[in-house]
1. Which percent of the accessible heavy-atom area of the chain goes to carbon and sulfur, probe 1.4 angstrom?
2. Can you give me the relative contact order of the chain as a percent, contacts being Cα pairs under 8 Å and 6 or more apart?
3. So how much slack lies between residue 130 and residue 29, counting 0.36 nm per residue of separation and subtracting their Cα-Cα distance, in nm?
4. Taking a 18 Å limit on the Cα-Cα distance, which of the listed pairs 20/84; 5/68; 91/124; 20/106; 17/67 fall beyond it?
5. Would you mind checking which residues have amide H under 5 Å from residue 126's amide H? H placed 1.01 Å from N; only 5 or more apart, or other chain.
6. Scan around residue 12 for amide H atoms under 5 Å from its own, H built in the peptide plane at 1.01 Å from N, and keep only partners 5 or more places away or cross-chain.
7. Mind listing the Cα extents of the range 27-72 along all three principal axes, in Å, largest one first?
8. Please calculate how many Å² of accessible area the range 22-67 carries per residue, with a 1.4 Å probe and no DNA, RNA or ligand atoms counted.
Amino acid sequence: MNTYKRLTPCIFIHDGKAVKRFNNREILSDDVVELARQYCESDAKELVVFDLSETDEQHDIAIDLMKKINRQIHIPMLAGGNVKRLEDAKKILYAGAKYVILNSRKDNFSEMLHEVSMRFGKDKIAISVDEKADSF
């Protein structure tokens, strides 16, 4: 019996490095681009990348890493994190992401959803839904 598997790894970028998860900043890899390449070669079907930066400088580093990742993989990249304004969504999409991920728990979610869909199209948006959210 064949079992269909769809591998979608997620890379969390903090301070230019891959960390384990949102609430665990333990370094998983110093080389984010190489990690993405390894995931791609391991039959991943797409790659999710989250920017966990705390400053504009770190955010720019994460965007640059997204560009480098996109040049090294041949699968779709979905990316988000610190999307506070339309310009952030633009940077992520221009870095090569197939979709920009918007966080449904952000205060300006409705406004961002509208602005990004009007500028880039609703087919360029993925939505991160917090498991604690009461409804979507």
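The values are calculated or read from the model by the stated rules, or taken from the named source; none is laboratory data. The shown structure was predicted, so the numbers you read here are calculated from the model rather than taken from an experiment. Ligands, DNA and RNA are excluded from the accessible area calculation, which covers all protein heavy atoms including side chains. Shrake-Rupley method; radii C 1.70, N 1.55, O 1.52, S 1.80 Å.
1. C and S fraction of accessible area: 45 percent.
2. 18 percent
3. 33.8 nm
4. Check vs 18 Å cut-off fails for 20/84; 5/68; 20/106.
5. Residues meeting the amide H criterion: 100, 101, 102.
6. Placed amide hydrogens put 19, 50 under 5 Å from residue 12.
7. 33, 21, 14
8. 55 Å²
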